[in-house]
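Below is one structure, written out as structure tokens, with a few remarks after it.
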Amino acid sequence: MRTDQQPIRISLFAPNGRMGKAIATAAEQDPSFLISQDHGDVIIDFSAPAALAASLDRAVTAGVPILVGTTGFDDLADKRIADAAKEIAVLRAPNTSLGVALLSDLVERAARVLGTDWDIEIVEAHHRHKADAPSGTALALGEAARRGRQSGDFERARDGTGLKRQEGAIGFAAVRGGTVAGDHDVLFLGSDERLVLSHRAENRAIFARGALAAARFLHGKPAGLYTMRDVIEAA
Ligand SMILES: NC(=O)C1=CN([C@@H]2O[C@H](COP(=O)(O)OP(=O)(O)OC[C@H]3O[C@@H](n4cnc5c(N)ncnc54)[C@H](OP(=O)(O)O)[C@@H]3O)[C@@H](O)[C@H]2O)C=CC1
Ligand SMILES: O=C(O)C1=N[C@H](C(=O)O)C[C@H](O)C1
């Protein structure tokens, strides 16, 4: 930070959550950020789907950008986010790590090159407290695969008999337990060979650093819907 620049004031919508605390710790170590008790320059929301309307309302009313890091949303949330993005800058990121942003590009490319002859399965593992499944990251990686291949229904849960995978489907499996910060494996399963693209989050600090990079990107941005890809391309 140049000495003539003011720190970016971050307002944490859910300061007492695991991610809220991790972001506060990361911000305390970086003099270009300040945790603000009011609306600040950028609002950061890592909370729960039920809180989305309130966090967007706070950001729109204050006229400040918001980073939405929460996962587990339904279609109504998509509309709420799109509506808010007409008035303020909204960055939606189910995963704020640099590695996952790159993984998403790699998955899209692999799906494009390999085509529908290769089955795609996405396996994720998270800590015992995680409330949503599949993870937001897994679903976003599924979307990346679908973009690359230009097809693919999502098979989100399998339990029972007569459940042969649908041709061309993109399947999901979720593991829960312990303190796992976030593992994602995208499996491309072909005839006699398989390609696995993987990411391992070793702790929440990677998400917190990414959230601060996203906040820096959002500061002063005009209304619109942004993603971590925009953050990386601007860096
Ligand atoms: N984008 C990314 O890179 C990442 C995203 N996440 C996502 O972020 C979210 C939070 O994760 P995590 O911090 O581990 O979860 P926690 O359960 O630790 O924290 C959630 C926080 O949200 C608050 N909260 C819950 N419901 C509401 C509500 N209706 N109104 C206001 N506040 C509310 C809780 O407050 P209280 O304690 O008072 O209940 C708590 O402080 C999840 O959706 C998770 O998947 C997580 C890690 C990385
Ligand atoms: O709840 C978590 O912890 C995480 N949630 C995000 C998700 O659902 O993808 C990101 C990360 O994997 C950690």
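The values are calculated or read from the model by the stated rules, or taken from the named source; none is laboratory data. Please read these numbers as outputs of a predicted model, since none were measured by experiment. All Cβ positions, even for glycine, are placed from backbone atoms using ideal geometry, and neighbour counts span all protein chains on display. What goes into the accessible areas is simple: the full protein's heavy atoms, side chains included, and nothing from ligands, DNA or RNA. Shrake-Rupley method; radii C 1.70, N 1.55, O 1.52, S 1.80 Å.
Annotations for the structure displayed:
- Only one of the numbered conditions (1) among the acidic types (Asp, Glu); (2) closer than 30 Å to GLY142 by Cβ; (3) more than 16 Å from ligand 2 (Cβ to nearest atom); (4) modelled with pLDDT of 95 or more is not met by ASP41, and that is (2).
- Restricting the stretch 131-181 to residues that are among the charged types (D, E, K, R) and within 23 Å of LEU102 (Cβ to Cβ), the residue that is farthest from the chain's Cα centre (by Cα) is ARG149.
- Subset tally (residues that are touching an Asp or Glu at 6+ places or on another chain (Cβ under 6 Å), within 16 Å of ligand 1 (Cβ to nearest atom) and not hydrophobic (A, V, I, L, M, F, W, C)) for the stretch 135-149: 1
- Test: residue in the stretch 193-201 that is open to solvent by 50 Å² or more (accessible area, probe 1.4 Å), within 15 Å of ligand 1 (Cβ to nearest atom) and outside any helix (DSSP H, G or I): yes
- For the stretch 111-146, a tally of residues being crowded, with 18+ Cβ neighbours inside 10 Å, assigned to a helix (DSSP H, G or I) and in contact with a helix residue (DSSP H, G or I) (Cβ under 7 Å, 6 or more places away or on another chain) returns 6.
- Test for VAL42: is it under 28 Å from ARG156 (Cβ atoms), touching a strand residue (DSSP E or B) at 6+ places or on another chain (Cβ under 8 Å) and buried (at least 21 other Cβ atoms within 10 Å of the Cβ): no
- ASP105 vs. criteria surrounded by fewer than 21 Cβ atoms within 10 Å (Cβ to Cβ), outside any loop (DSSP other than H, G, I, E, B) and outside the structural domain of ASP183 (by TED's automatic domain parsing): no
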